[in-house]
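Below is one structure, written out as structure tokens, with a few remarks after it.
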Amino acid sequence: DNYRVYKDGTEESLNIYENNFGKLEGGRQHDPIYNNPNSKKQVYTFGCSWTYGWGVEQTETFTHLLGDENTAVHNYGAGGTGLDFAVKTLSEVYIPESRRQIFIITVPHYFRRTWFDDDGVVYKPWELKEFVDFNEYNNYFYFLHQYNFVNKFVGRDKIIWGTWDMDLPAEYFDVFFERVDYTDDGLHPGHQSHKQYTDNLKKIIKEKYESNR
């Protein structure tokens, strides 16, 4: 558990592994329908709250919408996290000998870090700006390090890179997650946005993983 009491007395409990608006339940790693471990394709998605699907039902997320009778899907999105958490989580599910795994990494704001205080409580990434001055060069270097590391040791051919951060270089990505509608909070993509992202991802999956098989 990660538990903090702020200076104004506000209490917060945050679990970055199963992050559902700070609640300790609600992880979406297990899809309610497309979860067959023997399916021909095993799609794993990583990212922040946009991947998790804050504000939409699990069955409305792009992760779920990628599933079918031949495809099992696994949603490892965790709200408030960055690329470092996505890479760490990918390393926990990666099976080097597997030819069925497809990884979709939707990169959040590239300044995000998983950072802990002296009590072992994780900070929200935007709070780090109060303590650390990350300039643009360091942010870019940090992203590039993670990007090249995963491509080298997992394989660029196994990964679909997406993002919603317009500050990141477009040439590194296969697809962009666009907000064409919003959830009730006015910040996160709604079900139509997830559907559009799904359609774009399906085209890439068909081209990269089905055309030559």
Percent of all Cα-Cα pairs per 10 Å bin for the stretch 115-172, counting from 0 up to the last occupied bin, reads 17, 40, 33, 11
Taking the chain and counting helices only, DSSP H stretches of n ≥ 4 at -39,500 (n - 2.57) each over all residues, the nearest-500 ellipticity at 222 nm comes to -6500 deg cm²/dmol
Checking 133, 84, 165 against a Gaussian network model of the chain (alpha-carbon springs below 10 Å), the top fluctuating residue turns out to be 133
Hydrodynamic radius by Kirkwood for the stretch 81-126, inverse mean 1/r across distinct Cα pairs, in Å, is 12.3 Å
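Starting from the alpha-carbon convex hull of the stretch 149-213, give the projected area averaged over all orientations, in nm².
Numbers: hull surface 22.3 nm².
Result: 5.6 nm².
Hey, what D do you get for the stretch 64-213 in µm²/s if you plug the Kirkwood alpha-carbon radius into Stokes-Einstein at 25 °C and 0.890 mPa s? It would help to have the intermediate numbers written out before the result.
Values: Rh = 16.9 Å.
In µm²/s, the coefficient rounds to 145.
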Largest fluctuation, 81, 89, 51 only, Gaussian network model of the chain with Cα springs under 10 angstrom, belongs to 89
The longest stretch of the chain containing none of the GluC sites (Glu not before Pro) that sit in a DSSP loop with at most 14 other Cβ atoms within 10 Å is 98-177
If one builds a Gaussian network model of the chain from Cα atoms under 10 Å apart, the most fluctuating residue listed among 113, 99, 28 is 99
Answer check: the stretch 32-125, Cα atoms, Kirkwood Rh, Rg/Rh ratio of 1.02
In Å², rounded to a whole number, the accessible area per residue of the stretch 44-105 with probe 1.4 Å is 32 Å²
Ranking 175, 139, 42 by how far each Cα lies towards the positive end of the charge dipole of the chain (+1 on Lys and Arg Cβ, -1 on Asp and Glu Cβ), the top one is 42
The distance between the Cα centres of the stretch 74-138 and the stretch 169-213, in whole Å, is 19 Å
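The values are calculated or read from the model by the stated rules, or taken from the named source; none is laboratory data. All values reported here derive from a predicted model rather than from experimental measurement. Reconstructed Cβ throughout: ideal geometry from the backbone, glycine too, with neighbour counts over all protein chains shown. SASA here: full protein model, heavy atoms, side chains in, ligands and nucleic acids out. Shrake-Rupley method; radii C 1.70, N 1.55, O 1.52, S 1.80 Å.
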